[in-house]
Amino acid sequence: MTLERGSPAWRYFGDFRTGLLAAQVLTLQVAHPVVAAGVRDHSDYVANPWTRLMRTGASLSIYVYGGAEGAAYEAGRLRALHREFTGVRDDGRRYSGLDPHAYAWVHATLVRLAVDAQEFFGRPIPAAELEEYYAQMTEVGRLLGIGDRYLPGSWGEFCRYYDEMVASFGPNGTIDELVETIGTVRPPFPVPFWSSLRGLQLFLLSATLPPAFRDRLGLQWTDAQQRRFDRLRTVVRTLAAPVPASLRNAHFRFLAWLNIWYRARHAPAD
């Protein structure tokens, strides 16, 4: 599968404003009990958060912007990697990293990510484009090995599925550890005002989580915080408006190109 330049998924998925929702999407992913257990047992993000972040970014870039061959390669790599992830959930049930419900949920959070980024910090994606965007991201899901029974058939069905999943989640230890890591992580190199930037990510986490789920996590949200968030949204929307889509997602497309270039030169010989 190759995303046509200028199509909805091509324009919106890699928009730099999705980075403002990094804490939100990670929290929603580990809210799923299987994902929470897998991250707890098999992820090194607490010890090596920046390495983990770069690997995740590289993976996302290549399966959306890496062309058919790059996307197929990455899909196979991800499934092989997750096949090794097994263990026991907090409720005592065994889990697999290829659990179809969990695998589909992680994909769903990434589908919703670009839509939320536009809703919060840009202009809401028009309904006609939403259907096309969702159809394209459904094809990405199939490429990743997600069966049709786990991929809602339309954007409306997807939204109902997404809301039902969020309504079923509650606090867990992995979410607590993630939030603590966001609040204490050190920069990979000296960064001015780093403590303020960490505080901004925690603020954006509370601002952008579904309100009912935010309440279940015990995250405070006040009218004053909402007014502050509304001002931030206006600033980001105003600054981003004149930037063409080809620049808003250039960093992701470059990362995909870099991955393809690197793998072409370091692939094992047959």
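The values are calculated or read from the model by the stated rules, or taken from the named source; none is laboratory data. A quick note: this is a predicted structure, and the numbers were derived from the prediction, not measured. With ideal geometry, Cβ positions are generated from the backbone for all residues, glycine too; neighbour counts draw on all protein chains shown. Accessible surface is based on the protein model in full, side chains and every heavy atom, while ligands, DNA and RNA are left aside. Shrake-Rupley method; radii C 1.70, N 1.55, O 1.52, S 1.80 Å.
Points worth noting:
- Looking only at the stretch 126-169, and only at residues there that are open to solvent by less than 60 Å² (accessible area, probe 1.4 Å) and either at positive phi or of a type in the set (Asp, Glu) (or both), the one that is modelled with the highest pLDDT: Glu129
- Checking each residue in the stretch 180-200 for being out of contact with any Gly (no Cβ under 8 Å at 6 or more places or on another chain), part of a helix (DSSP H, G or I) and open to solvent by 40 Å² or more (accessible area, probe 1.4 Å) picks out Glu180, Thr184, Trp194, Ser195, Ser196, Leu197, Leu200.
- The listed residue being farther than 29 Å from Thr234 by Cβ and in a helix (DSSP H, G or I), out of Ala72, Ala114, Ala128: Ala72
- Among the residues of the stretch 77-95, just one is part of a strand (DSSP E or B) and open to solvent by 70 Å² or more (accessible area, probe 1.4 Å), namely Arg94.
- Residue that is modelled with the highest pLDDT, among those in the stretch 47-82 that are within 20 Å of Ile182 (Cα to Cα) and among the β-branched types (Val, Ile, Thr): Thr56
- Only one of Leu255, Leu247, Leu209 that is at pLDDT 95 or above and open to solvent by less than 80 Å² (accessible area, probe 1.4 Å): Leu209
- Matching residues in the stretch 217-228 - criterion: being more than 21 Å from the chain's Cα centre (by Cα) and modelled with pLDDT of 95 or more: Gly218, Trp221, Thr222, Asp223, Ala224, Gln225, Gln226, Arg227, Arg228
- For the stretch 96-109, a residue qualifies if it is open to solvent by less than 10 Å² (accessible area, probe 1.4 Å) and among the small types (Gly, Ala, Ser), and the qualifying residues are Ala102, Ala104, Ala108.
- In the set Asp44, Asp15, only one residue is in contact with a helix residue (DSSP H, G or I) (Cβ under 7 Å, 6 or more places away or on another chain), among the acidic types (Asp, Glu) and modelled with pLDDT under 95; that residue is Asp44.
- Top-ranked residue of the stretch 110-125 - restricted to ones that are under 22 Å from Thr27 (Cβ atoms) and not aliphatic (A, V, I, L, M), ranked as surrounded by the fewest Cβ atoms within 10 Å (Cβ to Cβ): Glu119
- Options Tyr65, Tyr45: the member that is more than 14 Å from the chain's Cα centre (by Cα) and within 14 Å of Val140 (Cα to Cα): Tyr65
- Tabulated pairs, the stretch 244-270, first at positive phi and of a type outside the set (Asp, Glu), second assigned to a loop (DSSP other than H, G, I, E, B) and at pLDDT below 90, C-beta under 9 angstrom, 6+ apart or interchain: none
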